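Quick notes on the structure that follows.
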Amino acid sequence: MQTVATIGVYGFTAEMFLDRLREADVGRLLDVRQRRGVRGSDYAWANSARLQAALAEAGIEYRHHKELAPTTELRQLQYREDDRRGVGKRSRTQLARKYRERYVAEILDRADLDAVVAELPTERGAALMCVERDPEACHRSLIAEHLAADYGIEVTHFRPE
C-alpha cells in the first residue's frame with residue numbers, strides 16, 4: 001500500500017525535520033508551497049535551495065507541485081479569516097470553511113492527481129510538505145484527504161514533538 005505523510009516546517013529544526021522523514025522511510029518529498037521560502041532565520045533551512053540540498057544529502061527526492069499550492073487570492077481569504085478570529089498564521093488550528101471549499105473547487109478538482117499518484121514511490125513513502133505546523137491548518141491536509149478517499153493511500157501526519 002502506498003503511504004503519504006504530511007509535514008510542516010513550523011516547529012521543526014532542519015535536523016528534526018530530516019530525522020522524521022528518514023524514520024518514516026520517505027523517499028520523495030512533494031513541496032506544495034506556492035512560494036518556496038520561509039521568513040525568519042529559524043526556518044532558513046526550509047528555503048528551496050537549502051532544503052533541496054539537505055534532502056539530496058539525506059537520499060530523499062524533491063518535487064515541487066506548485067499546481068497544488070493555493071493561489072495568492074485564496075491565501076488572502078484565509079488571512080482575512082485569521083484576522084477576524086484573532087489568530088496568527090503560525091497559531092492557526094483550522095482552515096476557514098470558505099477557503100476549504102474554494103481550494104477544493106479551484107485547485108484540487110482541477111489538478112491531475114492521477115499524475116501525482118503515479119509519481120509516488122512504491123518502495124518507500126512520500127510526504128506532502130508546506131509550512132504550517134498542524135495539518136488541519138494547511139491545504140496539505142485537503143490534498144491528503146483526497147489521496148486517501150480517491151486512491152486508498154494511507155495518510156499519516158507528522159508533527160513536531
*asked:* Expected output is a single nm value to one decimal: the length gained when fully extending between GLU61 and TYR79, i.e. 0.36 nm times separation in residues minus the C-alpha distance. What is it?
replied: 3.3 nm
*Based on Cβ point charges of +1 for Lys and Arg and -1 for Asp and Glu, what charge dipole magnitude is obtained for segment 37-92 about its Cα centre, in debye rounded to the nearest 20?*
240 debye
*Starting from the amide H of GLU61, placed 1.01 Å from N in the peptide plane, find each other amide H under 5 Å away whose residue is 5 or more places distant or on another chain.*
ARG28, LEU29
*Any idea how far apart ARG110 and GLN2 come out in nm if each label point goes 7 Å out from Cα toward Cβ?*
2.3 nm
*For the chain, what is the calculated [θ] at 222 nm in deg cm²/dmol (nearest 500), taking -39500 (n - 2.57) for each run of four or more DSSP H residues and dividing by its residue count?*
-11500 deg cm²/dmol
*Tell me, what ³J(HN,Hα) does each residue in segment 12-21 have, in order and in whole Hz, if you take phi through Karplus 6.51 cos²θ - 1.76 cosθ + 1.60 with θ = phi - 60° and put x for Gly and Pro?*
9, 8, 4, 5, 4, 4, 5, 4, 5, 5
_Using amide H atoms built in the peptide plane, which far-off residues or other-chain residues are under 5 Å from GLN2 H to H?_
GLU154
*Give me the log10 of I(q) over I(0) for segment 1-48 at q = 0.14, 0.16, 0.30 Å⁻¹, as the Debye formula computes it from C-alpha points; what are the numbers?*
-0.37, -0.47, -1.33
*For segment 57-66, just list the computed ³J(HN,Hα) in residue order, Karplus coefficients 6.51, -1.76 and 1.60, θ = phi - 60°, integers in Hz, with x standing in for Gly and Pro.*
5, 7, x, 10, 6, 10, 9, 9, 10, 4
*Collect residues whose amide H, placed 1.01 Å from N in the peptide plane, falls under 5 Å from the amide H of LEU128; neighbours closer than 5 in sequence don't count.*
ALA5, THR6, ILE7, LEU30
*Can you give me the relative contact order of the chain as a percent, contacts being Cα pairs under 8 Å and 6 or more apart?*
45 percent
_Suppose we look only past 29 Å in the calculated P(r) of the chain. What percent of the Cα-Cα pairs does that tail hold?_
13 percent
*Report ³J(HN,Hα) in whole Hz for each residue of segment 37-44, in order, from the Karplus equation J = 6.51 cos²θ - 1.76 cosθ + 1.60 where θ = phi - 60°; Gly and Pro get x.*
x, 10, 6, x, 5, 4, 10, 4
_Testing the spin-label approximation: label points 7 Å from Cα along Cα→Cβ at ARG90 and ASN47. State their distance in nm._
1.7 nm
*With only Lys, Arg, Asp and Glu charged, each at its Cβ (+1 for the first two, -1 for the last two), find how big the charge dipole of segment 3-157 is about the Cα centre; round to the nearest 20 debye.*
800 debye
_Could you tell me how far the Cα centroid of segment 8-35 sits from the Cα centroid of segment 63-83, in Å?_
20 Å
*If each residue's Cβ is checked for other Cβ atoms within 10 Å, how do MET129, MET16 rank with the fewest at the top?*
MET16, MET129
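Coordinate-derived values only; no laboratory data. Since the structure is predicted, the reported quantities are computational estimates derived from the model, not experimental observations. Don't worry about glycine lacking a Cβ; one is built from the backbone with ideal geometry, like all the others, and counts go over all protein chains shown.
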